[in-house]
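The values are calculated or read from the model by the stated rules, or taken from the named source; none is laboratory data. Predicted model only: the values in this text are computed from it and were never measured. Backbone-built Cβ (ideal geometry, glycine too); neighbour counts: all protein chains shown. With ligands, DNA and RNA removed, areas are computed over all heavy atoms of the protein, side chains included. Shrake-Rupley method; radii C 1.70, N 1.55, O 1.52, S 1.80 Å.
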Amino acid sequence: MKRRVVITGMGAVSPIGNTVNEVKESIHQGKCGIAPITAFDTTDYKVKLAAEVKDLNADEYYTPRELKFNDRFTQFARIAAKQAMKDSNLVVEENNSIGVLLGSGIGGLSSIENATKTLEQRGPSRISPYFIPMSLINLAAGDIAIDHKLHGSVQCIVTACASATDAMGIAFQRIRDGYEDTIVTGGCEASITPVGIGGFMAMRALCESTDPNRASIPFDQERCGFVMGEGAAVLVFEELESAKKRGAKIYAEVVGYGTTCDANHITAPAENGEYATIAMRKAIQDANITTKDISYINAHGTSTNLNDKTETKAINNCFQESKPYVSSTKSMTGHLLGASGAIEGVISVLALQDQFIPATINHRVSDKNCDLNLVVNQGIETEVNYAMSNSLGFGGHNASIIFKRWED
């Protein structure tokens, strides 16, 4: 018999709040976290907006010295993990086998940019000896393990914008199949940098609107690209009997995970959405439920023309006999790339806890190609027993994960 997996701790650093409670309040209020970029001078950029992390007091968690040689994406991950570990009340024994599975799509981009400037301006001898570990994607997971003395399997999953959902899905499978009892999982990203914005701008993937309320507008006919976000979310996944034995607070159960690849194009999704549909079906089969059981889908919903149309087709193909509520909370958070699945996983769990489906905010013009059962502008209170979160990434990666409302 396969073991059951539950969530016993959560932490978040995001454009709409730097704790899970702040994120919860923002989701209920329909708060938009998008604003003019402050990280660098955008004079020469057509893109002026992003969803930056704001008012984060890192000193509450670590000393400046402890964070000095961390890239921003690792700082976010460590802070979110510290929140999640405290929230879980997990006692870490000396010879533990607790694992860490974290996702990130790009990693230490700002550190790479800074080292390149140093090389050009001051020569190779002036590059920081900390540059390599600051830029490595796996160091976010490694630093969390070091912070909390976690000796299980520590890995970083890199599948572009599906990274965090894949990390959570694999963590779920490892615990269910008996490899670990507890895994700290989620995702982190910090790519609001000159090169990060410039690179996506060159691809014409980013929205060039200067109005924060008309920038990240998933499924709206006037959408014109995504808005870059940043941050991290970390969750503690734990085997059910282990959690019960120690009297842990349980947020939700993790019940299904599915993943596929379009094998179609390096950036564009397959337009018929076939393999995104299969990923959802696999997750539903894994959860041993039917499509009618899914109350809510937190869509990938990036606000790009092709993604939104393709995901609509995929959802409609999967849910032919039912019309679950759908929303894209990227309308509030922007697109956190490799961390998006983690923050959206937290939001999906909150939907189950609160019996509240968050809205796709700032929606004005319906698109006939996005004929979903969309929750727009105002969230709704309704029964939510199963929530699915979708993530679709460059390279054709598709990942779906299903959470179940916890009832003891």
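Using a cut-off of under 20 Å, list every residue of the range 331-348 whose amide N is near the label point 7 Å from the Cα of Q221 along the Cα-to-beta-carbon line.
Counting backbone N atoms under 20 Å from the label point, the list is empty.
For the range 183-253, taking Cα atoms only, what is the radius of gyration to one decimal and the Dmax to the nearest whole Å?
When restricted to Cα atoms, the range 183-253 yields Rg and Dmax of 19.0, 53 Å.
Starting from the Cα gyration tensor of the range 59-179, take the square roots of the eigenvalues, sort them a ≥ b ≥ c, and report rounded, prolate or oblate (rounded when a/c is under 1.5, otherwise prolate if a/b is larger than b/c, else oblate).
Values: a/c = 2.45, a/b = 1.67, b/c = 1.47.
In terms of gyration-tensor shape, prolate.
By how many nm would the segment from K149 to V91 lengthen if fully extended, with 0.36 nm per residue of separation less the alpha-carbon distance?
Here the segment from K149 to V91 would lengthen by 19.8 nm.
Identify which of H300, H363, H265 has the largest mean-square fluctuation in a Gaussian network model of the chain, with springs joining Cα atoms closer than 10 Å.
H265
What ³J(HN,Hα) values, in whole Hz, does the Karplus curve 6.51 cos²θ - 1.76 cosθ + 1.60 give for the range 212-222 when θ = phi - 60°, with x put for Gly and Pro?
Result, ordered by residue: x, 8, 10, 10, 9, 10, x, 6, 8, 4, 8 Hz.
Calculate, for S366 and D408, the FRET efficiency according to 1/(1 + (r/R0)^6) with r their C-beta to C-beta distance and R0 60 Å; round to the nearest 0.05.
For R0 = 60 Å, the calculated efficiency reads 0.90.
Could you work out the equivalent-ellipsoid semi-axes for the range 289-408, taking the square root of 5 times each eigenvalue of the Cα gyration tensor, largest first, in whole Å?
Working from the Cα gyration tensor, I get semi-axes of 20, 16, 15 Å.
At a 1.4 Å probe, what is the % contribution of carbon and sulfur to the accessible area of the range 278-402?
41
So how do R364, R204 rank on accessible area, 1.4 Å probe, biggest first, that is with the largest at the start? List each step's numbers first, then the result.
Numbers: R364 160, R204 205 Å².
Of R364, R204, the descending order of accessible area is R204, R364.
Across the range 343-358, in residue order, what do the Karplus-derived ³J(HN,Hα) couplings come to in whole Hz, using 6.51 cos²θ - 1.76 cosθ + 1.60 with θ = phi - 60° and x for Gly and Pro?
So the J values, rounded to whole Hz, are 5, 6, x, 4, 5, 5, 5, 4, 4, 5, 5, 8, 6, 9, 9, x.
Which of M203, M388, M332 moves the most in a Gaussian network model of the chain with Cα springs under 10 Å?
M203
Hey, could you grab the Kirkwood Rh for the range 1-138? Inverse mean 1/r over distinct alpha carbon pairs, Å, one decimal.
Here the Kirkwood hydrodynamic radius works out to 17.8 Å.
Let me spell out the model: positive unit charges on the Cβ of Lys and Arg, negative unit charges on the Cβ of Asp and Glu, origin at the Cα centre of the chain. What dipole size does that give, in debye rounded to 20?
200
Gain in length, A35 to T63, computed as 0.36 nm per residue apart minus the alpha-carbon separation, to one decimal in nm?
7.3 nm
Can you tell me the Rg and Dmax of the range 220-297, counting just the alpha carbons, in angstroms?
For the range 220-297, the Cα radius of gyration and maximum Cα-Cα distance read 17.5, 52 Å.
Once amide H atoms are built 1.01 Å from N in the peptide plane, which residues 5 or more positions from N89, or in another chain, come under 5 Å H to H?
none
Over 26 Å between Cα atoms: which of K244/K323; K31/K68; K24/K404; K31/K292 fall into that group? Intermediate results must be reported in sequence, preceding the final value.
Values: K244/K323 35 Å; K31/K68 31 Å; K24/K404 18 Å; K31/K292 30 Å.
Table pairs above 26 Å Cα-Cα are K244/K323; K31/K68; K31/K292.
Contour minus end-to-end for K54 and V195, with contour as 0.36 nm per residue of separation and end-to-end as the Cα-Cα distance?
Values: separation 141, 0.36 × 141 = 50.76 nm, distance 2.07 nm.
Full extension from K54 to V195 adds 48.7 nm.
Given the convex hull over the Cα atoms of the range 220-260, what projected area results after averaging over all orientations, in nm²?
5.9
Shape of the range 343-408 from its Cα gyration tensor (a ≥ b ≥ c, root eigenvalues): rounded if a/c is under 1.5, otherwise prolate when a/b > b/c, or oblate?
Oblate, since a/c reaches 1.5 and b/c is not below a/b.
Using the Karplus equation 6.51 cos²θ - 1.76 cosθ + 1.60 (θ = phi - 60°), what ³J(HN,Hα) coupling, rounded to whole Hz, does each residue of the range 12-18 give in order, writing x for Gly and Pro?
For the range 12-18, the Karplus curve yields 8, 10, 8, x, 10, x, 10 Hz.
Give, rounded to the nearest 20 debye, the magnitude of the charge dipole that the range 45-143 has about its Cα centre when Lys and Arg contribute +1 at Cβ and Asp and Glu contribute -1 at Cβ.
For the range 45-143, the charge dipole is close to 520 debye.
Check which residues have an amide H placed less than 5 Å from G256's amide H, if you skip close sequence neighbours.
So G256 has HN proximity to I402.
Scale the Cα Rg of the chain by the rule-of-thumb value 2.2 N^0.38 Å and send over the ratio, two decimals.
Relative to the 2.2 N^0.38 Å estimate, the chain comes out at 0.92.
Set Lys and Arg Cβ to +1 and Asp and Glu Cβ to -1, take the dipole of the chain about its Cα centre, and tell me which of P133, Y62, V375 lies farthest positive.
The Cα lying farthest towards the positive end belongs to P133.
Taking the Cα centre of the range 166-262 as the origin, how large is its charge dipole in debye, to the nearest 20, when only Lys and Arg (+1) and Asp and Glu (-1) carry charge on their Cβ atoms?
Computed about the Cα centre, the dipole is about 200 debye.
Hey, what's the Cα Rg ratio for the range 282-341 versus the globular rule of thumb, 2.2 N^0.38 Å?
After normalising by residue count via 2.2 N^0.38 Å, the value is 1.19.
Just the number, please: percent antiparallel of the DSSP beta bridges in the chain, rounded to the nearest 5.
Of those bridges, close to 65 percent are antiparallel.
Please calculate how many Å² of accessible area the chain carries per residue, with a 1.4 Å probe and no DNA, RNA or ligand atoms counted.
That works out to 41 Å² for each residue.
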